[in-house]
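Enquirer: The structure that follows is given in the form of structure tokens.
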Amino acid sequence: GAGVSQSPSNKVTEKGKDVELRCDPISGHTALYWYRQSLGQGLEFLIYFQGNSAPDKSGLPSDRFSAERTGGSVSTLTIQRTQQEDSAVYLCASSLRPEGSYEQYFGPGTRLTVT
Amino acid sequence: AQSVSQHNHHVILSEAASLELGCNYSYGGTVNLFWYVQYPGQHLQLLLKYFSGDPLVKGIKGFEAEFIKSKFSFNLRKPSVQWSDTAEYFCAVGGSQGNLIFGKGTKLSVKP
């Protein structure tokens, strides 16, 4: 079956521009997570969605970052007024249920480069 | 806040050598613990996980990990590594929302 997919795979943008990153979770998975993987910082949790509930935004690094999940499925992570420190690989993961006992399946990531 | 420490940034081994990667976590309560692997050019995959029960957990590809509560550790082991084990390994603890809190990762290079 299809895994988690993300698009685009690579994105190069100029400082100050807005970007949108997309995640298609595994069908039927109710929990969706965004992480960021950058040199020196490792993997950081950004935001979490459970079904149609309000997201847990506790990991977002600034108010330039936002995310939505439409219809409990596809999610979009938006970064406004990008900065060079936003350069990283953005990973999406989904799991059948949000409880810790359920495995998270990761997508291939979107590599964002801010010039 | 929960945190995870991985002691080795880069480990270089020859094929057939034994492997042990260290992982310590900060939280003292009930924990869910994971090891993920990222092979070159591929996405993160689950190697093994611990929730409760037998503290010695066996995962895929001959990997195992031992949960030692008194030491807040969850070290990854493999008796004999192969060149194909070259990858980056991440230890993680489950957060309160089911999110994962990762260590900074350990790169393993296996020389043929």
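Enquirer: Evaluate segment B:62-85: report whether one residue or more is within 14 Å of chain A (Cβ to nearest Cβ), closer than 25 Å to A:Gly109 by Cβ and of a type in the set (D, E, K, R).
Expert: No, because not a single residue in segment B:62-85 is within 14 Å of chain A (Cβ to nearest Cβ), closer than 25 Å to A:Gly109 by Cβ and of a type in the set (D, E, K, R).
Enquirer: Filter segment B:17-33 down to residues that are closer than 23 Å to B:Ser70 by Cα and at pLDDT 95 or above and give me whichever is surrounded by the most Cβ atoms within 10 Å (Cβ to Cβ).
Expert: So the residue we want is B:Cys23.
Enquirer: Which condition from (1) surrounded by fewer than 15 Cβ atoms within 10 Å (Cβ to Cβ); (2) away from chain B (no Cβ under 14 Å); (3) on the phi < 0 side of the Ramachandran plot; (4) more than 11 Å from the chain's Cα centre (by Cα) is the one that A:Arg97 breaks?
Expert: Every condition holds for A:Arg97 apart from (2).
Enquirer: Looking at (1) more than 10 Å from chain B (Cβ to nearest Cβ); (2) surrounded by fewer than 18 Cβ atoms within 10 Å (Cβ to Cβ), which is the only condition A:Asp86 fails?
Expert: (2)
Enquirer: Would you check which residues across segment B:88-112 are more than 30 Å from A:Gln50 (Cα to Cα) and within 14 Å of chain A (Cβ to nearest Cβ) and list them?
Expert: Residues satisfying the conditions are B:Thr106, B:Lys107.
Enquirer: Can you tell me which of A:Glu68, A:Glu44, A:Glu14 is free of Cβ contacts under 8 Å to residues at least 24 places away in the same chain, in contact with a Ser or Thr (Cβ under 9 Å, 6 or more places away or on another chain) and farther than 27 Å from B:Gly105 by Cα?
Expert: After applying the criteria, what remains is A:Glu68.
Enquirer: Tell me, yes or no, whether segment A:22-35 has at least one residue that is on the phi > 0 side of the Ramachandran plot and in contact (Cβ under 8 Å) with a residue 12 or more places away in the chain.
Expert: Looking through segment A:22-35, at least one residue is on the phi > 0 side of the Ramachandran plot and in contact (Cβ under 8 Å) with a residue 12 or more places away in the chain.
Enquirer: Looking only at segment B:14-29, filter to residues that are touching a helix residue (DSSP H, G or I) at 6+ places or on another chain (Cβ under 9 Å) and in contact (Cβ under 8 Å) with a residue 60 or more places away in the chain; which one of those is farthest from the other protein chains (Cβ to nearest Cβ)?
Expert: B:Glu15
Enquirer: Related question: Working only within segment B:59-87, note down all residues that are over 12 Å from the mean Cα position of the chain (by Cα) and either of a type in the set (Phe, Trp, Tyr) or crowded, with 18+ Cβ neighbours inside 10 Å (or both).
Expert: Scanning segment B:59-87 gives B:Phe72, B:Val81, B:Trp83, B:Asp85.
Conditions (1) within 17 Å of the chain's Cα centre (by Cα); (2) within 12 Å of chain A (Cβ to nearest Cβ); (3) outside any strand (DSSP E or B); (4) touching a residue at least 24 places away in the same chain (Cβ under 8 Å), marked per residue:
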position	(1), (2), (3), (4)
B:Ile12	yes, no, no, yes
B:Val31	yes, yes, yes, yes
B:Val37	yes, yes, no, yes
B:Pro40	yes, no, yes, yes
B:His43	yes, yes, yes, no
B:Leu46	yes, yes, no, no
B:Lys49	yes, yes, no, no
B:Val57	yes, no, no, no
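Okay, residues lined up against (1) away from chain B (no Cβ under 14 Å); (2) assigned to a loop (DSSP other than H, G, I, E, B); (3) within 21 Å of B:Gln2 (Cα to Cα):
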position: A:Gln6; (1), (2), (3): no, no, no
position: A:Phe45; (1), (2), (3): no, no, yes
position: A:Gly71; (1), (2), (3): yes, no, no
position: A:Tyr90; (1), (2), (3): no, no, no
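The values are calculated or read from the model by the stated rules, or taken from the named source; none is laboratory data. What you see is a predicted model, and the numbers here were worked out from it, not measured in a lab. Cβ sites come from the backbone with ideal geometry, for glycine too, and all protein chains shown count toward neighbours.
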